[in-house]
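Take a look at the structure set out below.
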Amino acid sequence: MSNQDYPSAVSASGQCCSPLTREPLSADWAGDLARMFKALGDPVRLRLLSLVASHDGGEACVCDISPAFDLSQPTISHHLKVLREAGLLGCERRGTWVYYWVMPAALQQLSSVLGAADPSCDDAELVTA
């Protein structure tokens, strides 16, 4: 299923509400979201995503990421692979190094399904811990 097949945060009436509170998720979309959230459920992977996203130029070499962790290179590569397979990171090999970047469409899906875009919307309340 492509990203265009998912509902946006703006309803047909023009109101901004989270798709999660506006209508039930389709089985396909729920599966895609669950795969992404599961990948982010590990603190190392969440931190890896953050490091890549905040890196200068929006992409990071694995050689720049590795020193931030007290983990072996194969373990870091495994976590990056999980994020890639979940559709959260893209990558490209350049010589001996692999460069990673965040997939904006994936982050947009995650934020739109959870975000209450308009706090005045009747069915969208923002709950903070």
Exercise. Given the conditions (1) in a helix (DSSP H, G or I); (2) open to solvent by 40 Å² or more (accessible area, probe 1.4 Å); (3) closer than 22 Å to T96 by Cα, report the number of the one that S66 does not fulfil.
Key: (2)
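So, in the range 74-92, how many residues would count as being assigned to a helix (DSSP H, G or I) and open to solvent by 80 Å² or more (accessible area, probe 1.4 Å)?
5
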Quiz item: Right, S2: polar (S, T, N, Q), over 25 Å from R84 (Cα atoms), open to solvent by less than 60 Å² (accessible area, probe 1.4 Å) and modelled with pLDDT under 80 or not?
Solution: no
Exercise. Show the residue pairs that are 6+ apart or on different chains and have beta-carbon atoms under 7 Å apart, the first residue being within the range 35-63 and touching a residue at least 60 places away in the same chain (Cβ under 8 Å), the second being small (G, A, S).
Key: M36/A86; M36/G87; M36/A106
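The values are calculated or read from the model by the stated rules, or taken from the named source; none is laboratory data. None of the values given here were measured: they were computed from a predicted structure. We place every Cβ from the backbone using ideal geometry, glycine too, and count neighbours over all the protein chains shown. Protein only, heavy atoms only, side chains kept; ligands, DNA and RNA dropped before computing areas. Shrake-Rupley method; radii C 1.70, N 1.55, O 1.52, S 1.80 Å.
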